[in-house]
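Note sheet for the following structure.
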Amino acid sequence: MTTTTPAPVRRGSRRLVGLSAALAGVAAAATAVVLATGLVGGPAYAVTKDADGGVSVEVRAFTDPEGLESELAAAGVKAVVDYLPQGQTCKQPRGAHGGGSGPFQAGIGVGPGGSGIAFKIGKGQVPDGSTLVLTVSKSKDGDDRPPFATTLELVQGEVSACEPTSMPVPPASDGGTSQQDSGPSNDSGTEEGPGLTSKEG
């Protein structure tokens, strides 16, 4: 909100008033552009604190890992998020697995409308001293498409920086051809869809 203080009337005041109105118009137009851009592009993610104490997460576009980390922190979940090109992942291990009171499980599925991913973190699943680590190998078809592969894990203590590395290539089938061309393979863990996994601590 802009507060305007009336100025004493003097020669040339009409020009100043006209200039102020013009500047206000430019500012309003700039604001409208920002709002329109947000409406058209939409947010890259949504983090919701549920009534049961859990946290629901939707990632609609894999474009702002730092922003998602901040939103998760605001919801009480310490997280490290890494987005990599298709076929790339972070070298393991990132740290000591576990830290929770029991096995860590979080089902990861394709997001609403077939874009991105969605998952829920139960209350207390990421205790103090532990970090939720989300690693995404993006689809070559775009940042808003379901990813090539996703790993969600719980790390106790310090999380090492992501060192990009190629994902393992599936073994050749009986016909002698690689299975890589037929799509991503699933890692071990709780699976909710192609290339979507979570690791137990």
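The values are calculated or read from the model by the stated rules, or taken from the named source; none is laboratory data. What you see is a predicted model; the values in this text were computed from it and never measured. Positions of Cβ are backbone-derived with ideal geometry, glycine not excepted, and every protein chain shown enters the neighbour counts. Heavy atoms of the whole protein, side chains included, go into the accessibility calculation; ligands, DNA and RNA do not. Shrake-Rupley method; radii C 1.70, N 1.55, O 1.52, S 1.80 Å.
Out of the stretch 119-139, which residues are open to solvent by 30 Å² or more (accessible area, probe 1.4 Å) and under 17 Å from the mean Cα position of the chain (by Cα)?
Result: LYS120, LYS138.
Please find, within the stretch 89-108, the residue that is modelled with the lowest pLDDT out of those that are under 20 Å from the mean Cα position of the chain (by Cα) and open to solvent by 50 Å² or more (accessible area, probe 1.4 Å).
So, considering only residues that are under 20 Å from the mean Cα position of the chain (by Cα) and open to solvent by 50 Å² or more (accessible area, probe 1.4 Å), the one modelled with the lowest pLDDT is GLN105.
For residues that are open to solvent by 80 Å² or more (accessible area, probe 1.4 Å) and not in a loop (DSSP other than H, G, I, E, B), tally how many sit in the stretch 154-163.
Result for the stretch 154-163: 1.
Take GLU71 and decide whether it is touching a helix residue (DSSP H, G or I) at 6+ places or on another chain (Cβ under 8 Å) and open to solvent by 40 Å² or more (accessible area, probe 1.4 Å).
So GLU71 fails the test.
Give the stretch 109-153 a look and list any residue that's among the β-branched types (Val, Ile, Thr) and either modelled with pLDDT of 90 or more or assigned to a loop (DSSP other than H, G, I, E, B) (or both), or say none. Even if it seems obvious, please write down each step before you answer.
Our first condition is that a residue be among the β-branched types (Val, Ile, Thr); within the stretch 109-153, this holds for 110, 117, 121, 126, 131, 133, 135-136, 150-151.
Passing the criteria: ILE117, ILE121, VAL126, THR131, VAL133, THR135, VAL136, THR150, THR151.
Mind listing whichever residues of the stretch 43-95 are closer than 19 Å to ARG145 by Cβ and charged (D, E, K, R)?
GLU58, ARG60, ASP64, ASP82
For the stretch 168-191, state whether one or more residues are β-branched (Val, Ile, Thr), assigned to a strand (DSSP E or B) and at pLDDT below 95.
First pass over the stretch 168-191, keeping only residues β-branched (Val, Ile, Thr): 169, 177, 190.
Filter once more, keeping what is assigned to a strand (DSSP E or B): 190.
Imposing the further condition that a residue be at pLDDT below 95 reduces the set to 190.
Yes - at least one qualifying residue is present in the stretch 168-191.
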